[in-house]
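Since the structure comes first, as structure tokens, the remarks are kept for the end.
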Amino acid sequence: MKKTIAIVINTSWNVFNFRLGLLKALQKEGYKIVIIAPRDAYSQKLKSIGFEYHNIIMNNKGTNPFEDSKLIYHLYKLYKKIKPDILLHYTIKPNIYGSFAAGLLGIPVVTNISGLGTVFLNNSLSSKVAHLLYKIALKIPQKVFYQNSHDRELFISSHLVDKNKTDLLPGSGIDTNKFKPNIEQENNTDNFKFLFIARLLKDKGLIEYVEAAKRFADTEKVEFDVLGAFYEANPTAIREGEMNSWVESKIINYLGTTDDVKAAIKKADCIVLPSYREGLSRVLLEAASMAKPIITTDVPGCKEVVDDGVNGYLCKVKDIDSLAKQMKKMILLSDKERKEMGKRGRDKVIDGFDEKIVISKYIDTIKHLIG
């Protein structure tokens, strides 16, 4: 009889875009895969692939732990019904409340902390509550994966997790055969194209990107594109009116959202992400895998992808002058120099961030825990 692995996460979109390679590999190993996530446009796509799917109501906007505690009850009922042999938890609410439910039922858990999020970037009451909840919840999983060493050490030094159960993963892993360089000409204009890809949040460094773009207002043939979704639930969200004013002032081009991020990356000359902190930036890994030079901040989750001056440039966090300086350096490089940067970036991803590494670690962990 097949053993069942249930993956629990905050959106079906996340599973479809970032976890398919892992789930297909686990399915190939002979495991039954069950997905538990809030219903969205991607839930049916997951079912059509052949995965069992269960909807769960999860308020991704809420920060009230008393309201969120209801999630423990709903997950408990679902886990009891499905009877998974092991649970893979992703994102903060499944990591915390899903662990509580699993602990009540004695189900093995593998937790993935892919980033700290806005709640960990301040000293607010919600941040303190999150620390406390994580400290209790992380006693339950048998394995806790982190995507950069800084996050891992922060949790260990803060006594939120037992060091012996932690391990590192190179992000969610990149399919380097899917994200590969385009042999044809990518940018079909004479303009140099910078591209920012992220949710439209201040924490992603969007304000710094826009302010740096203003420094090039008198520079011909340089474009600043933005691709990403509005996320008004986040306290650092950029409002639509603010975005419209930047577009109307011809500071940036807003490209909206897309299911084909590869096409957008192909058309860019350089990918820019001045984020304040990441788990391990998926966008930067995809860009590097496609041999694009990168400009990003010297912070955890970003600096792991870029060797300064080798496959891109690092700038200081929240520093418009530093970002603009690195953009100027990138523009002044020859096409040959930028292509060499891109090639070195792809080599780096293949060597250290290929999804095969992630899949292998998960399979080894799961086999050790349940066979």
## Note on the structure
Within region 263-284, the residues that are over 16 Å from Arg199 (Cα atoms) and outside any strand (DSSP E or B) are Ala263, Lys266, Lys267, Ala268, Asp269
### Task
Could you tell me whether Gly103 is touching a residue at least 24 places away in the same chain (Cβ under 8 Å) and within 18 Å of Ile366 (Cα to Cα)?
yes
### Task
Would you point out the residue of region 142-159, among those that are part of a loop (DSSP other than H, G, I, E, B) and either modelled with pLDDT of 95 or more or surrounded by 20 or more Cβ atoms within 10 Å (Cβ to Cβ) (or both), that is farthest from the chain's Cα centre (by Cα)?
Gln142
### Message
Need pairs with beta-carbon distance below 8 Å; first residue in a loop (DSSP other than H, G, I, E, B) and within region 216-232, second loosely packed, with under 12 Cβ neighbours inside 10 Å and among the charged types (D, E, K, R); sequence gap 6+ or separate chains.
### Response
Lys221/Asp190; Phe230/Arg239; Glu232/Arg239
### Query
Which numbered condition trips up Asp354, out of (1) in contact with a Ser or Thr (Cβ under 9 Å, 6 or more places away or on another chain); (2) without any contact (Cβ under 8 Å) to a residue 24 or more places away in the chain?
(2)
#### Entry: Selection from region 160-193 of residues that are in a loop (DSSP other than H, G, I, E, B), at pLDDT 90 or above and not charged (D, E, K, R)
Leu160, Val161, Leu169, Thr176, Asn177, Phe179, Pro181
### Message
Cβ-Cβ distance below 7 Å, separation of 6 or more or different chains: which pairs start in region 84-95 with a residue that is in the same structural domain as Ala137 (by TED's automatic domain parsing) and end on one that is surrounded by fewer than 23 Cβ atoms within 10 Å (Cβ to Cβ) and of a type in the set (Asp, Glu)?
### Response
Lys93/Asp68
### Message
Between a residue in region 143-170 that is in the same structural domain as Pro108 (by TED's automatic domain parsing) and under 17 Å from Gly279 (Cα atoms) and any residue that is charged (D, E, K, R) and in a loop (DSSP other than H, G, I, E, B), which pairs come within a Cβ distance under 6 Å, given they are 6 or more apart or on different chains?
### Response
Asn148/Glu304
#### Entry: Unique residue being on the phi > 0 side of the Ramachandran plot and not charged (D, E, K, R) when the list is Gly30, Gly21
Gly30
### Query
Are any residues in region 10-59 farther than 21 Å from Asp175 by Cα, out of contact with any Ser or Thr (no Cβ under 9 Å at 6 or more places or on another chain) and not hydrophobic (A, V, I, L, M, F, W, C), and if so, which ones?
Gly30, Lys47, Ser48, His54, Asn59
### Residue, surrounded by the most Cβ atoms within 10 Å (Cβ to Cβ), within region 279-321, restricted to residues that are among the β-branched types (Val, Ile, Thr) and under 12 Å from Arg344 (Cα atoms)
Val305
### Task
State which residue pairs qualify: first residue part of a helix (DSSP H, G or I) and inside region 237-255, second residue of a type in the set (A, V, I, L, M, F, W, C) in any location, beta carbons under 8 Å apart, and separation of 6 or more residues or different chains.
Glu240/Phe230; Met243/Leu200; Met243/Val226; Met243/Phe230; Trp246/Val210; Trp246/Ile252
### Task
Give the residues of region 194-211 that are assigned to a strand (DSSP E or B), at pLDDT 95 or above and among the aliphatic types (A, V, I, L, M), sorted by residue number.
Leu195, Ile197
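The values are calculated or read from the model by the stated rules, or taken from the named source; none is laboratory data. On a predicted model such as this, the values are computed, not experimentally measured, just so you know. As a convention, Cβ positions derive from the backbone with ideal geometry for all residues, glycine included, and neighbour counts pool all protein chains shown.
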